[in-house]
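One structure below.
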Amino acid sequence: MSGYKGKVLIAAPVHAVLLEGLKQAGYECIMQEKITQAIAFELIRDCIGVVTSTRLQLNKELLDAAPGLRWIGRMGSGMEVIDLQYAAEKGIKCFSSPEGNCNAVAEHAIGMLLSLTKRIVWSHNEVMDGLWKRDENRGMELEGKTIGIIGFGHTGRALAKKLQAFDMNILVYDKYERSDIPSYVSCCNDLEAIYQDADIISFHVPLQEDTRHYFNDNFITNMRKVFILLNTSRGIVVNTKALLKGLKSGKVKGACLDVFEEEPLERMSGEIRGILEDMIKRPEVIITPHIAGYSKEALYKMSAVILKKVIEAGE
């Protein structure tokens, strides 16, 4: 075991591989999975590291409460929970772990898409109610369809790799320049080709100012075909009012949502809760409770990625 380095606040569920690795590296781990912002102010004061998911907002005030903080590890990819600019000014290194849960998210997105297009969930529930409807539950094949993947980082890339087996046309758009583009996708310089040809849209973007309500009334209007929406990125990327309007008009013929504009249920405003209640009654909508990247394997892989990055950074 290395010499004592200091305390690390573990403010998220993690795999034992991370705890054991940090201890071997000389860290003392303070476990507080169900942390609140108020409790964090007390526990973080003498910590040199933090491992978090979505429970904490590592804003200026919380970062200032930890004068000795040297690094932050994020279980997952959403770095919007950290004031990255202020952290950089204070010399705090920030590590994310999208490599750890991208496969889980990609598999979940495909599972939702298949469940929707084959009407698996809806017809299963009908059978449970004693109904046996075949013509009404005729499915749609993915072969030959065009999907537009918006955001081609770890998760968008993982989804595209799996979708090639379905013989789909895969269009990808990312505002950042990406290298090593696989031969089975077509890169788009803007959204025009996706607007023109896509039967399915899947979002894999981070939460930033320019991705808030990325999917809105204008996006729907620009789409030439009726289409299916998948969102496994961040809930606020999709304007839920616009989505509901699109579903009612028929322009959006289906939606698979693992994330919602406000979550969890107990934190939803009355308006958003009403939209959710409307959507879950629709056979063309599938909603899961933000579990796409929450597999058992992803917990291990994200933990291992954070440990590796912390150790390699010499922290």
Completion exercise
Counting only residues that are part of a loop (DSSP other than H, G, I, E, B) and either buried (at least 19 other Cβ atoms within 10 Å of the Cβ) or not aromatic (F, W, Y) (or both), the range 97-132 contains a total of 6
Exercise for the section: For residues that are touching a helix residue (DSSP H, G or I) at 6+ places or on another chain (Cβ under 9 Å) and among the small types (G, A, S), scanning just the range 13-47, find the one that is surrounded by the most Cβ atoms within 10 Å (Cβ to Cβ). Expected result: A40
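Per-residue answers, yes or no, for (1) surrounded by fewer than 21 Cβ atoms within 10 Å (Cβ to Cβ); (2) among the acidic types (D, E); (3) over 22 Å from E262 (Cβ atoms):
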| position | (1), (2), (3) |
| --- | --- |
| V50 | no, no, yes |
| K60 | yes, no, yes |
| S77 | no, no, no |
| E80 | yes, yes, no |
| Y86 | yes, no, yes |
Exercise for the section: Pull up the range 143-161, narrow it to residues that are charged (D, E, K, R) and over 16 Å from P98 (Cβ atoms), then point me to the one that is surrounded by the fewest Cβ atoms within 10 Å (Cβ to Cβ). Expected result: E143
Practice task
Look through E263, E297 and report the one residue that is surrounded by fewer than 21 Cβ atoms within 10 Å (Cβ to Cβ), acidic (D, E) and under 14 Å from the mean Cα position of the chain (by Cα).
Solution key: E263
Exercise for the section: Write out, first by first residue and then by second, each pair whose Cβ atoms fall under 8 Å of each other, whose residues are 6+ apart or on separate chains, and whose first residue, in the range 53-72, is over 16 Å from A38 (Cβ atoms) and at pLDDT 95 or above while the second is among the charged types (D, E, K, R) and not in a loop (DSSP other than H, G, I, E, B). Expected result: R70/K93; W71/K93; I72/K93
Fill in the blank from the handout: The residue that is farthest from I120 (Cα to Cα), considering only those in the range 268-286 that are surrounded by 15 or more Cβ atoms within 10 Å (Cβ to Cβ) and touching a strand residue (DSSP E or B) at 6+ places or on another chain (Cβ under 8 Å), is L276
Handout entry: Members of the range 62-75 that are touching a helix residue (DSSP H, G or I) at 6+ places or on another chain (Cβ under 8 Å), surrounded by fewer than 23 Cβ atoms within 10 Å (Cβ to Cβ) and not aromatic (F, W, Y)
Key = L62, L63, A65
Fill in the blank from the handout: The residue that is surrounded by the fewest Cβ atoms within 10 Å (Cβ to Cβ), considering only those in the range 232-254 that are farther than 16 Å from E277 by Cα and among the basic types (K, R), is K251
Practice task
Filter the range 73-107 for residues that are touching a residue at least 12 places away in the same chain (Cβ under 8 Å), touching a strand residue (DSSP E or B) at 6+ places or on another chain (Cβ under 7 Å) and not β-branched (V, I, T) and give the result.
Solution key: G73, R74, M75, M79, D83, A87, K93, C94, F95, S96, S97
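The values are calculated or read from the model by the stated rules, or taken from the named source; none is laboratory data. Only a predicted model underlies this, so the values are computations on that prediction, with no experimental measurement involved. Don't worry about glycine lacking a Cβ; one is built from the backbone with ideal geometry, like all the others, and counts go over all protein chains shown.
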